[in-house]
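Single-structure report; data block below.
The values are calculated or read from the model by the stated rules, or taken from the named source; none is laboratory data. Predicted model, so just to flag it, every value in this text is computed and none were measured. Methodologically, a virtual Cβ is constructed for each residue, glycine included, from the backbone with ideal geometry; neighbour enumeration extends over all protein chains shown.
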């Protein structure tokens, strides 16, 4: 496990288009979310200790914010050949076990992760109704082993600001997690 920070894509960046299969093999695209006031894209996977550490609170928080009108989608871009716990089949099992209420998509080619400059799991990208990036950073300060409570405070503050038509703070801390498991020859050049 290589501890990796998010790349902190430039604020204001327009969300790159995508069309990927969800766990039911239904294609979900960026356009599927219309012009929602807020769109959260989470790059995550099944086996990462950083995702596992926040998973219960993450699912709880995402459920609350979906009900408040935030469009939410999670994307797994890990190389399932070398990390079978992150396979398409296992994604469906995890989504059911942990009650994911949001689409969970599989980026088999890893091109979508590269277009977002995703680097780690979890990696969060929050966009406004114009699909402009307003937040990229951590869920909160909790990490496996640091004894800080898992709250989702940083991400929640950003979503609250966006939903309340307030300026999202530009003081944002990079997410930290396991590096995305790139397929051989697919390693991006942005590291």
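Observations on the structure shown:
- Odd one out for residue 181 among (1) in contact (Cβ under 8 Å) with a residue 40 or more places away in the chain; (2) farther than 26 Å from residue 56 by Cβ; (3) out of contact with any strand residue (DSSP E or B) (no Cβ under 7 Å at 6 or more places or on another chain): (2)
- The residue pairs whose first member lies in segment 99-113 and is at positive phi and in contact (Cβ under 8 Å) with a residue 24 or more places away in the chain, whose second member is assigned to a loop (DSSP other than H, G, I, E, B) and surrounded by fewer than 20 Cβ atoms within 10 Å (Cβ to Cβ), and whose beta carbons are closer than 7 Å, counting only pairs six or more residues apart or on different chains, are 110/182; 110/183; 110/186.
- Each residue in segment 92-104 was checked for being more than 21 Å from residue 132 (Cα to Cα) and in contact with a strand residue (DSSP E or B) (Cβ under 6 Å, 6 or more places away or on another chain), and 2 of them qualify.
- Failed condition for residue 176, given (1) within 13 Å of the chain's Cα centre (by Cα); (2) farther than 17 Å from residue 42 by Cα: (2)
- Any chance residue 162 is crowded, with 22+ Cβ neighbours inside 10 Å, over 25 Å from residue 77 (Cα atoms) and at pLDDT 95 or above: yes
- Against the conditions (1) touching a helix residue (DSSP H, G or I) at 6+ places or on another chain (Cβ under 6 Å); (2) more than 23 Å from residue 127 (Cβ to Cβ); (3) at pLDDT below 95, residue 188 satisfies every one except (2).
- Among residues of segment 165-179, those that are touching a helix residue (DSSP H, G or I) at 6+ places or on another chain (Cβ under 6 Å) and in a loop (DSSP other than H, G, I, E, B), counted: 1
- The criterion of being at pLDDT below 95 and either closer than 12 Å to residue 175 by Cβ or surrounded by fewer than 24 Cβ atoms within 10 Å (Cβ to Cβ) (or both) holds for residue 145.
- Of note, residue 150 does not satisfy the criterion of being touching a helix residue (DSSP H, G or I) at 6+ places or on another chain (Cβ under 8 Å), outside any loop (DSSP other than H, G, I, E, B) and modelled with pLDDT of 95 or more.
- In the set (1) surrounded by fewer than 19 Cβ atoms within 10 Å (Cβ to Cβ); (2) out of contact with any strand residue (DSSP E or B) (no Cβ under 7 Å at 6 or more places or on another chain); (3) modelled with pLDDT of 95 or more; (4) farther than 26 Å from residue 190 by Cα, residue 27 fails one condition alone, (2).
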